[in-house]
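Novice: Quick one: the structure is below, questions incoming.
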Amino acid sequence: ILLAEDMSARVGDFGISKFLPENASKRMLNASSTTGIRGSIGYVVPGEGSAITSAGDIYSLGILLLEIFTGRSPTDDMFRDSLGLHKFTEDALPGKALEIVDSTIWLHEEPMDSTTRSSVQECLISVLRLGLSCSQQQPRERPSIRDVAVEMHAIRDAFLMSGS
């Protein structure tokens, strides 16, 4: 259950569907709730707040990835009307990825050469695209958690092999 003043993702927002018996999970997929949103605002799929599904967990993971790498909360005041964290990121890719990334994540204190900058940018674009893929509005358009894990490892491995 969400408290109105609590706008941060919690570990409990992820994996709720695994704790439900299989038949309960299927019943809740189509059920509405009178007790409120199950998850935190900004991390649950708009319009699907009462359903508990693994696809909803993937959506939350995508939003969390976008938040970590952009440094912007999905409930930021700049996201009003049709602009949200997903759209903000989508509009910036690929050309403006370095402009929207949170500057506090940089590990390099010295200026990057063009090769390093290019490999860092490719990695960031890959992570942001994964976040976008996970936070698609339609559940069938989101990847499985297995595919997400494989992609995250591939991004990490590519980054490490680039020597950045």
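Just so it is clear, none of the values below were taken in a lab; they were calculated from the coordinates. Please read these numbers as outputs of a predicted model, since none were measured by experiment. Please note: Cβ atoms are built from the backbone with ideal geometry, for glycine as well, and neighbour counts cover all protein chains shown.
Novice: Determine the shape class of the range 69-109: with a ≥ b ≥ c the square roots of the Cα gyration tensor eigenvalues, call it rounded for a/c under 1.5, and otherwise prolate if a/b is greater than b/c, oblate otherwise.
Specialist: Because a/c hits 1.5 or more and a/b fails to exceed b/c, the range 69-109 counts as oblate.
Novice: Something else now. Please report the spacing between the Cα centers of the range 125-159 and the range 79-101 in Å, no decimals.
Specialist: So the two Cα centres are separated by 17 Å.
Novice: Among 85-92, 150-157, 54-61, how do they line up from the highest to the lowest mean number of other beta-carbon atoms within 10 Å?
Specialist: Result, highest mean first: 54-61, 85-92, 150-157.
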